[in-house]
Amino acid sequence: MTRSVFRFAPSPNGQLHLGHALSAILNRDLAREAGGRFLVRIEDIDPGRSTPSFEAAILDDLAWLGLDWEKPVRRQSEHLAEHAAALDTLNRRGLLYPCFCTRGDIRAAAADGPRDPDGVPLYPGICRALTAAERADRIRRGDSYVLRLDMEKARACVPAPVSWHEFGDNGREIEVVADPAAWGDVVLARRDVPTSYHLAVVLDDAAQGVTHVVRGKDLYFATAVHRLLQDLLGLPAPVYRHHRLIMDKDGRKLSKSEGAESLRTLRATGASPADIRRHVGL
Ligand code: GLU
């Protein structure tokens with residue numbers, strides 16, 4: 001039997017907070033219970049926001065929590081060539097198109113239209129309508145662009161419906177029917193990097209043989225896009241568990257920019273790893 005593989009995948013663009021602690025400890029505990037492996041992956045594809053000092057602080061906090069993960073950690077930024085190759089595969093199948101719209105263009109065209117599950121206006125498909133000659137011309141002129149997935153074409157390439165298996169506290173699995181179209185033509189490569197969160201997470205989970213993705217509820221609906229990409233690229237589908245989020249005293253999701261619940265601050269004020277565990281309800 002193959003061993004289960006769990007992972008904690010922080011982005012090094014801020015300090016870890018209690019929500020990350022919950023995710024990391026839960027992944028390690030579940031891996032242990034299953035006699036499986038526990039990996040840490042650094043999701044550093046955003047060159048503007050990721051820094052080596054945040055990465056070092058994250059690994060230091062995880063070690064302080066008493067977690068032990070397999071070395072070396074995988075850094076997404078070291079695998080951009082693999083991401084670019086997958087992008088090329090999708091492009092050659094006619095599933096991507098360059099989008100030259102600025103944020104302002106999109107705001108003006110989409111503000112009153114439908115929104116994605118995160119509440120962001122859906123891209124109204126302006127550049128999908130460009131001809132091959134217009135695209136080539138704009139690329140030749142040096143106009144900057146992102147690559148978007150043509151959602152309708154992509155959906156037509158995979159058997160419907162797209163779904164995933166979600167496992168709960170009691171270990172029971174349910175099948176969730178996913179709606180990737182709710183996200184519209186998602187961006188798969190940005191102007192500055194030949195990848196995106198959605199593409200990178202799917203490729204790296206597959207490359208690392210991840211069998212169980214355990215992460216916060218804020219990524220529940222994004223799983224629809226991940227499952228679609230896995231089906232398009234012929235990658236295995238892990239099972240998923242989306243755990244509760246930890247809120248601040250005003251009922252908002254914790255964010256990295258806020259200090260009070262950061263592990264750094266809690267450590268400095270004398271909290272122990274056992275206190276953190278209790279605090280996150282594990
Ligand atoms: N890197 C993502 C984050 O820090 C998590 C991605 C995932 O677990 O799939 O929010």
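Derivation of every value follows stated rules applied to the coordinates shown; laboratory data play no part. Since the structure is predicted, the reported quantities are computational estimates derived from the model, not experimental observations. FYI the Cβ positions are ideal-geometry reconstructions off the backbone, even for glycines, and counts take in every protein chain you see.
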Ranked output for segments 94-101, 169-176 by mean other Cβ atoms within 10 Å, highest leading, reads 94-101, 169-176
So VAL239 and ARG141, fully extended at 0.36 nm per residue minus their Cα-Cα distance, gain in nm 30.8 nm
Restricting to aspartates and glutamates and to Cα separations under 19 Å from LYS153, and discarding same-chain partners fewer than 8 apart, the set is ASP88, ASP116, ASP179, ASP185, ASP231
Answer in debye to the nearest 20: the dipole magnitude of the chain about its Cα centre, from +1 Lys/Arg and -1 Asp/Glu charges placed on Cβ, is 120
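Nearest 20 debye, what's the magnitude of the dipole of the range 139-282 about its Cα centre given +1 on Lys and Arg Cβ and -1 on Asp and Glu Cβ? Write down the numbers at each step before the final one.
Details: 21 positive and 19 negative charges, 87 e Å.
In total the dipole reaches around 420 debye.
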With no solvent term and unit scatterers on the alpha-carbon positions of the chain, Debye gives log₁₀ I(q)/I(0) at q = 0.13, 0.17 Å⁻¹ of -0.96, -1.50
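Compute the whole-percent fraction of alpha carbon pairs in the range 67-121 spaced more than 12 Å apart.
Details: 1164 of 1485 pairs.
That tail contains 78 percent of the Cα-Cα pairs.
Sort the range 24-90 into rounded, prolate or oblate with this rule: let a ≥ b ≥ c be the square roots of the eigenvalues of the Cα gyration tensor; rounded if a/c is under 1.5, and if a/c is not under 1.5, prolate when a/b is larger than b/c, oblate otherwise. Intermediate values should be presented prior to the final figure.
Details: a/c = 3.13, a/b = 1.46, b/c = 2.15.
Taking the square roots of the gyration eigenvalues as a ≥ b ≥ c, the range 24-90 is oblate.
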Per the rule of 0.36 nm per residue minus the C-alpha distance, extending GLU152 to ALA268 adds in nm 36.7 nm
Unpartnered Cys in the chain, judged by a 4.7 Å Cβ-Cβ cut-off, are CYS101, CYS157
Excluding residues fewer than 8 positions from LYS253 in its own chain, the aspartates and glutamates with Cα under 17 Å of it are ASP118, ASP218, GLU261
Dimensionless Rg/Rh of the range 192-273, both radii on Cα and Rh by Kirkwood, sits at 1.09
For LYS249, counting only lysines whose alpha-carbon sits under 20 Å away and dropping same-chain residues fewer than eight positions off, the answer is LYS217
From DSSP H assignment alone, runs of 4+ in the chain each adding -39500 (n - 2.57), the sum over residues rounded to the nearest 500 puts [θ] at 222 nm at -10500 deg cm²/dmol
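Indicate, rounded to the nearest 5 percent, the antiparallel portion of the DSSP beta bridges found entirely in the chain. Please report the intermediate quantities before stating the final value.
Numbers: 14 of 27 bridges.
If I count the DSSP bridges inside the chain, around 50 percent turn out antiparallel.
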